Structures are given as C-alpha cells and as structure tokens.
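Structure, as structure tokens:
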Amino acid sequence: MLARPVRLLLTVNRTRQLLGICLVVLVVLVSASIANVSANDPKVLTDDLVLRINRARVAAGVLPLARAPELDAAAQAHSADMVAHNYLDHTGFDGSEPQQRAEHAGYKVPPQSGWIVVEVISAISAEPQGPVNWWMDEGVQHRPVLLNPRWREIGAGYAEGGEYGNYWTALFGCRPAVLTAVVLDGTSYTPTEKCGDPQSEAATTAAATATASAVLSPSALPSSTGTPSPNSSPSPSSSPSPASSALPSSSPSATSASSSFPPANGQAGAPFAPAPGAAPPVTLAVTPRLAVAGEAVNVRWSGLVAPQGTDWIGLYRPSDGDSAYLNWSYVGCATVPLDARPMGSCNLTLPRSLTPGMYEFRIFRDNAFFRLRTSPPVIVG
C-alpha cells in the first residue's frame, strides 16, 4: 500500500524535469530568434554603420556627424528602392537624384548655395564593417566623402534582397543653423556654422573645437560596432544649379536660374595669361586614362593663381570648342560655386551617352572660357 505514493512522486518529478527542459529549450529558441531579428534590423545595422563612420572621422581629425531623421528616411527609401527594382545606382528608379530624395524627405537646403547633400552606396556585405571598409579603402572617390569636414549630418539606410543581397546607402549633408552636438565614446563634439572645403583652414580647425566631457554615449549608438565590390561612385548633387538654361542637359541638377555662366560667346577661347613668373603653371591630370561611359574619373589640378569658387572644369571632345562642354563642375566639386581651391581634385561622371573615343578635360577661370590647361586624353571604351 506504500508503493503507490512513491510511484506518484517519481512521476511528478519526471514531469517537472520534462517541463523544465522544455522551458529551457523554449527560452533558447526565443533568444536565438530575437538575436536573429536584431541582426537583420535596419535600425541596428545603420546605427552600427554610422558609429563606425564617426569613429573613422574622429580618428582622421574631423568632427563626427549628427543623425538627421530626414537623411535617414531618404537613405532607407533609396536602399529599399534598389532592392525592389534590382539596381545599384545613385539615380533612383524614378529618375530622382540624392538631393531630390533628401528634399522630398524634408531635408531642405537654400537654393544657389554651398549647402549640399552627397551620397555613397554599397552592396559589398551584410555586415556594416564591409561597406565602411570599402569606402575607406577606396581613396579616390569614397574616402574623401566620408572624411570631408564640410558635413555636419548623416543618414543611413539598409535593405536586404535583390541581386547583390545587401544594399547600403549613406547620405552626408549640411544645412544652415543646424549645429547639433554629437556625443561619441564619452566625448561631446560641437560643430561650427562653417560648411567649407576639406582643405580650408576654417573647416579643418573645426575639429579642434571638440569639447571633452564625461558623459555617456547616447542610446542611439550601439555599444559595439571580399570579393569584387558592386559599389558605385559618390554622387554630389546640388539644387538648383546656378547655371543658365545653356547648361548641358546631361547635368542632373540643371535648372534655369540667373547667372553669368556660361559667359558671352565673345569670351570663348580666350586663354588666361597669369602674370609672368607669378606662380608655377597650372597642372591638370586625370585618373584613370581608360574609362567607361557612366563611370566617374578623378580630375586633379594644382597651381591656380588667385583661385575663385567659380573656376570650373569641363569635359570635351578634343575637336570641340570651349563652349561645347559635355559635363562640368566647379572646383568645389558641385554645380554651385563653393570653395576657391588652388589645388585639389573632383570626380566627374562620364555621361552614359558618350560614344567610344578620345576625350579631355579643360580647366577655366571664373565662370568664363579663359582656358588654363587641358588634361591628357581619356579613352572611353
């Protein structure tokens, strides 16, 4: 008669053990599921991306960037659009450009000004470190964008899917009177109103204004931060262009606005003659010398005497006159006049409409056709 309670007790203990094991398994499965969701959460991934970019900027001696919700929205929408329509480009499926998408999301910059938005994209990796490493290692086009002291705000987007699997977008911008302090790794950084050139003294010394303070990093920043790359070149976009309606139609930001550019036909072809012995001659070089239509090439110059923000560079066929440019940019690397630069480089896109053949770049003085130098030829295949 005493055996029955013993058997009943053993049965109850086994049941409890089984329930305990099931509960442990359930907890493990739920935890794994939550971790997997977090790993693929665009918010988590883009926070990590921005953290890594800001740490790279501070390591290079420039200020970290504040998150702009409008740029976040524009970047996320572009990443999702690239997945939905299976492409990798700065021009959206609807024909929009980075500046237009930023404005649509509410990021407004004054017209005909130096306040601009620049975009970089990548599809190299599912981990944030992948695109950051690629952008930083690609020193001609992308690294200068990430480390440009001009920027004060950043937005990021990520979407999974499409041909390449992972689509990253980062937007960099600056707009008047938005001077958001950034806390990074326990230090507070406050930008100035200057939105200048990477080589300008005012911009580079802005990094020295960072004020250390014993505060914790904001919760928005997480505690931690191969193969041929399907990446695209950064796309400076300024809106609207200061050029008149004579601006080439291939320019994505071309609008009709009052300006002295291009100059009157009577000025065309007149070479600029600096004072004898005033400075070394202007140099103009281009990389690569073999290129493909639709890609960007890097144009470098030095030796500009008394440079102006309206000095500019144009793309030409060797046989064409100076007024027949195929694409152009001011030396501030935008189609609005930004900074006067005696030396520097810009990435200019070869229009997709170019036919195979030989082309060249020419640099001109102050919104005029006073040609200073012609580059070596570029062969477009």
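Give the calculated FRET efficiency between Q308 and E127 to the nearest 0.05, with a Förster radius of 30 Å applied to their Cβ-Cβ distance. Taking R0 as 30 Å, the efficiency between Q308 and E127 is 0.10. For segment 179-193, the Karplus equation 6.51 cos²θ - 1.76 cosθ + 1.60, evaluated at θ = phi - 60°, returns couplings of 10, 6, 6, 10, 9, 9, 6, x, 10, 9, 10, 10, x, 9, 6 Hz by residue, with Gly and Pro reported as x.
Taking segment 290-381 on its own, what percent of its Cα-Cα pair distances exceed 15 Å? Above the 15 Å cut-off, segment 290-381 has 54 percent of its Cα pairs. Shape annotation for segment 42-188: C-alpha extents along the principal axes are 39, 34, 29 Å, from largest to smallest.
A crude spin-label estimate for the pair T187 and D320, with each label 7 Å from Cα along the Cβ direction, gives 4.8 nm. Using a probe of 1.4 angstrom and keeping all protein chains present, the accessible surface of segment 77-124 works out to 39 square angstrom per residue. Give the calculated FRET efficiency between A177 and F93 to the nearest 0.05, with a Förster radius of 25 Å applied to their Cβ-Cβ distance. Here the calculated transfer efficiency is 0.15. The mean sequence separation of alpha-carbon pairs under 8 Å and at least six residues apart, normalised by the residue count of segment 291-381, gives a relative contact order of 37 percent. Shown is the FRET efficiency for T374 and K43, computed with R0 = 30 Å from the Cβ-Cβ distance and rounded to the nearest 0.05: 0.05.
The values are calculated or read from the model by the stated rules, or taken from the named source; none is laboratory data. This one's a predicted model, so the numbers in the text were calculated from it and none came from an experiment. We place every Cβ from the backbone using ideal geometry, glycine too, and count neighbours over all the protein chains shown. Protein only, heavy atoms only, side chains kept; ligands, DNA and RNA dropped before computing areas. Shrake-Rupley method; radii C 1.70, N 1.55, O 1.52, S 1.80 Å.
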